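Take a look at the structure below.
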Amino acid sequence: IFDFNDTGGWDDSSTLAATSNNTPDGLLLQTGVTANSLALRRRSPLAPFGATPAVNTYLSFRDPQRFRINFSLSSVTNQTAYLRRGTAETTSFPYYGFRIDSGVLKGVCRDSATEGESLVTLDSSLVVDRTYMIEARLLPAEKILFYIINRNTQEQELKGVLTTNLPKINNPNNKAFAEFELSHTDTFNKQLVSSLFEYIQRRHRFGTDT
């Protein structure tokens, strides 16, 4: 679990007028007022002692895993956001998680840009200044389950499933642990805030299936 207060191990790759920061209130992505700006913050732990991604299972997609994150938006127009496990730093990198197109929340995944993204709509009516709690569960080589916490019952509700273009368990291009981005196409400042990222993965034991 991390709450974005720790500034170590983060990369800021924002462009034009956009900024990304770890604040006392959590992660803050801002596009600024310049059109086509991109706010991008990446958690990129290095493999210990030069270990390859295949050895560093912390970055692997081979074991069952899930992550939960909250977010709120200042706008639901002319923007695209990603909250993902993995990175899109280059076309060969895999990821899964969530994509927001204006006010529409979607589940997303890919193994590489060659196959492209798979998408499933989870909520088509996001509103501003409301905190959403969402979760994605990866069952390797099988499917990804997407959940939203119901604000009234506080229960998880399954909203979508993806079974194609999943991150391959033998894809070695696992550089970043997580990545968060926000971009826009107009000249109004957009903001995305998150205060919690929770991640759980089954421990992989080499030479066994457990």
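Every residue, every condition in (1) open to solvent by 40 Å² or more (accessible area, probe 1.4 Å); (2) among the charged types (D, E, K, R); (3) modelled with pLDDT of 95 or more, yes or no:
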site: SER92; (1), (2), (3): yes, no, no
site: TYR96; (1), (2), (3): no, no, yes
site: ILE100; (1), (2), (3): no, no, yes
site: LEU105; (1), (2), (3): no, no, yes
site: ALA113; (1), (2), (3): yes, no, no
site: GLY116; (1), (2), (3): no, no, no
site: SER124; (1), (2), (3): yes, no, yes
site: MET133; (1), (2), (3): yes, no, yes
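Within segment 79-88, does at least one residue satisfy the condition of being in contact (Cβ under 8 Å) with a residue 12 or more places away in the chain, of a type in the set (Ser, Thr, Tyr) and under 16 Å from PRO172 (Cα atoms)?
yes
From the list LEU126, LEU166, LEU158, which residue is of a type in the set (A, V, I, L, M) and under 16 Å from the mean Cα position of the chain (by Cα)?
Testing whether each residue is of a type in the set (A, V, I, L, M) and under 16 Å from the mean Cα position of the chain (by Cα) leaves just LEU166.
Mind listing whichever residues of segment 127-145 are part of a loop (DSSP other than H, G, I, E, B), within 12 Å of LEU105 (Cβ to Cβ) and in contact with a Ser or Thr (Cβ under 8 Å, 6 or more places away or on another chain)?
The answer is ARG130, and nothing else.
When only residues in segment 129-157 that are hydroxyl-bearing (Ser, Thr, Tyr) and without any contact (Cβ under 8 Å) to a residue 40 or more places away in the chain count, which is farthest from ASP63 (Cα to Cα)?
Applying the filter and picking the extreme gives THR153.
The values are calculated or read from the model by the stated rules, or taken from the named source; none is laboratory data. It should be emphasised that the depicted structure is a prediction, and the values quoted were computed from it without experimental measurement. Backbone-built Cβ (ideal geometry, glycine too); neighbour counts: all protein chains shown. Heads up: the accessible areas ignore ligands, DNA and RNA and are worked out on the full protein's heavy atoms, side chains in. Shrake-Rupley method; radii C 1.70, N 1.55, O 1.52, S 1.80 Å.
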